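Remarks on the structure that follows.
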Amino acid sequence: MIILKHEQGSYEWLQAKIGVVGSTRISSIITPAKMQLSKSSGDLILKLIDESITGISAENDFRSDAMDRGDEFEPMAREAHELKIGQKINQHGLCLSDSNPMHGLSPDGFTSDFKGAAEYKCPGYKHLKYISDDYPNVTIYNDYKPQCINYFLVNEKLEWLDTVSFRPEFYPNPLHIVRIYRSDILEDIEKVRIAIDVFFKNFNEAYDKYTF
């Protein structure tokens with residue numbers, strides 16, 4: 001894994017992301033149920049071709065309330081998580097796959113040995129579903145499966161990912177951690193790996209077609 005040291009959110013980080021398929025883009029082109037390429041993957045291929053040639057990002061600057069909430073509370077979530085597990089979660093900029101520099105990840109954090117990672121979510125009332133046994137299938141992993149699996153694909157040393165739901169206003173139980181081990185999701189990882197390989201095969205064919 002190649003780690004670029006630009007701080008997330010910086011101009012340099014935004015520039016480095018141009019032409020890279022990160023977790024958000026992977027989540028938009030892989031169906032969470034069957035882990036297959038969605039129909040929207042063709043649009044992303046065109047965006048990547050355009051970005052590769054022009055150097056101009058094809059993404060807009062839209063920000064949802066949920067994104068703003070995440071930015072506000074993620075530092076608190078990280079602090080609470082670190083205190084709970086007794087390990088430091090270090091922030092990094094853009095991380096690129098050793099096998100494909102167009103495949104990357106902007107992680108919420110890795111442990112110092114890069115064998116552990118964290119994905120933080122700061123939801124509203126859905127936090128109650130995440131912490132309740134009444135909703136066994138409602139989990140961060142199930143809701144954001146391609147995004148979570150991408151950690152294991154980009155960082156081949158990764159052994160586990162903590163999916164963390166944090167709602168500080170819900171004072172009885174503001175923190176909920178579910179640890180996902182690589183060994184438990186090997187089938188899911190392979191499905192996403194295959195889908196990404198097919199995507200980049202399609203990208204290379206389309207790139208040759210549009211840049212003849």
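Here are a few things to note about the model shown:
- Phi angles of the stretch 123-133 translate, via the Karplus equation with coefficients 6.51, -1.76, 1.60 and θ = phi - 60°, into HN-Hα couplings of x, x, 5, 4, 3, 5, 5, 5, 8, 9, 6 Hz per residue; Gly and Pro are given as x.
- Karplus-derived 3J(HN,Hα), 6.51/-1.76/1.60, for each residue of the stretch 101-115, Hz, glycine and proline x: x, 8, 10, x, 6, 10, x, 5, x, 10, 6, 4, 8, 6, 8
- Derived value for the stretch 56-171: Kirkwood hydrodynamic radius 15.4 Å. Basis is the mean of 1/r over every pair of different alpha-carbon atoms.
- Cα shape, the stretch 66-124, gyration tensor, a/c 1.5 rule: oblate
- The ranking of Leu46, Leu161 by Cβ neighbour count inside 10 Å, starting from the fewest, reads Leu46, Leu161.
- Excluding same-chain neighbours fewer than eight residues apart, the lysines reachable from Lys121 by a Cα-Cα span under 26 Å are Lys5, Lys17, Lys34, Lys84, Lys88, Lys129, Lys145, Lys157, Lys191.
- The chain shape via C-alpha gyration tensor axes, a/c threshold 1.5: prolate
- Amide H to amide H distances under 5 Å link Val21 with His103, Gly104, where only residues 5 or more positions off or on other chains count and H is placed in the peptide plane.
- Protection proxy ranking for 13-22, 127-136, using the average of other Cβ atoms within 10 Å per residue and placing the highest first: 13-22, 127-136.
- Cα centre as origin, Lys/Arg/Asp/Glu Cβ charges: the chain dipole, Debye: 300
- Long-range amide H partners of Leu94 with built H, under 5 Å: Leu4, His6
- Computed from backbone phi, the HN-Hα couplings of the stretch 196-212 come to 5, 4, 5, 4, 6, 5, 5, 4, 4, 5, 5, 4, 4, 5, 8, 10, 5 Hz, rounded to whole numbers (Karplus: 6.51 cos²θ - 1.76 cosθ + 1.60, θ = phi - 60°; Gly and Pro given as x).
- Averaging the sequence gap over all C-alpha pairs within less than 8 Å and six or more residues apart, then dividing by the number of residues, gives the chain a relative contact order of 24 percent.
- Each of Ser27, Ser57 was scored by other Cβ atoms within 10 Å of its Cβ. Listed from fewest to most, they are Ser57, Ser27.
- Helix content alone sets the calculated 222 nm mean residue ellipticity of the chain: runs of n ≥ 4 DSSP H residues at -39500 (n - 2.57) each, divided across all residues, give -13500 deg cm²/dmol.
Read-outs throughout are calculated quantities, based only on the coordinates presented, and are distinct from any laboratory measurement. Note that the coordinates shown come from a computational prediction; the quantities given were computed from them, not determined experimentally. All Cβ positions, even for glycine, are placed from backbone atoms using ideal geometry, and neighbour counts span all protein chains on display.
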